[in-house]
1. Cα centroids of segment 4-53 and segment 56-117: how far apart, whole angstrom?
2. If each residue of separation counts as 0.36 nm, what is the full-extension length gain between Q112 and D66 once their alpha-carbon separation is subtracted?
3. So what is the relative contact order of the chain, in percent, for Cα pairs below 8 Å that sit 6 or more residues apart?
4. Do any GluC sites (Glu not before Pro) in segment 40-142 lie in a DSSP loop with no more than 16 other beta carbon atoms within 10 Å, and if so, which?
5. What accessible area per residue, rounded to a whole number of Å², is obtained for segment 22-79 using a probe radius of 1.4 Å?
6. Keeping the other protein chains in place, figure out the carbon and sulfur percent of the accessible area of the chain, with a 1.4 Å probe.
7. Taking trypsin sites (Lys or Arg not before Pro) as exposed when DSSP calls them loop (any state but H, G, I, E, B) and at most 14 other Cβ atoms lie within 10 Å, what is the longest stretch of the chain free of them, the sites themselves excluded?
8. What 222 nm value per residue comes from the helices of the chain, counting each DSSP H run with n ≥ 4 as -39,500 (n - 2.57) and dividing by all residues, nearest 500 deg cm²/dmol?
Amino acid sequence: MKILVVNGPNLNMLGIREPGIYGKATYEDLLKLIKEYADGKGVEVSFFQSNHEGALVDAIQQAYFDKVDGIVINPGAYTHTSVAILDALKAVAIPTIEVHISDVTTREDFRQISYIRPVCKASVIGEGFNGYLHAIDILLGD
């Protein structure tokens, strides 16, 4: 199985950005954790992160041509605003799991809205970095 992990704006700042909410581990720590877990499951994993909406759309579309079997996506703030990311996910029709490191259900009102959730197979919320591993398991059917 081939999985693409897509991370949106400000996730590259993990470890610096609001450590009380997101923890002190870095983006590189997250990638290492996911890579080791995926390797142990025999999953080929690739990563994409951008602070730019169009770049995220391009990566999702490219996943179709790269024959990716599943997408794990944390769109960051674009979760609550991006019809473009929603449309890209609808266009490629690749099984997708939405992930949020923090428990967005207990945060600001605007964070209660997810434009992409309706096209996702599942949402994993508030499990920290382990949420990405849970998302991989969902895609694998574990």
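The values are calculated or read from the model by the stated rules, or taken from the named source; none is laboratory data. Just so we're clear, the structure is a prediction, and the values are computed from it rather than from any experiment. Don't worry about glycine lacking a Cβ; one is built from the backbone with ideal geometry, like all the others, and counts go over all protein chains shown. Only protein heavy atoms, including side chains, enter the accessible area calculation; ligands, DNA and RNA are left aside. Shrake-Rupley method; radii C 1.70, N 1.55, O 1.52, S 1.80 Å.
1. Centre-to-centre distance over Cα atoms comes out at 14 Å.
2. 13.3 nm
3. Normalised by residue count, the contact order of the chain is 26 percent.
4. E108, E127
5. Heavy-atom accessible area per residue stands at 52 Å².
6. 53 percent
7. Segment 25-66 is the longest.
8. Dividing the helical sum by the residues of the chain leaves -11000 deg cm²/dmol.
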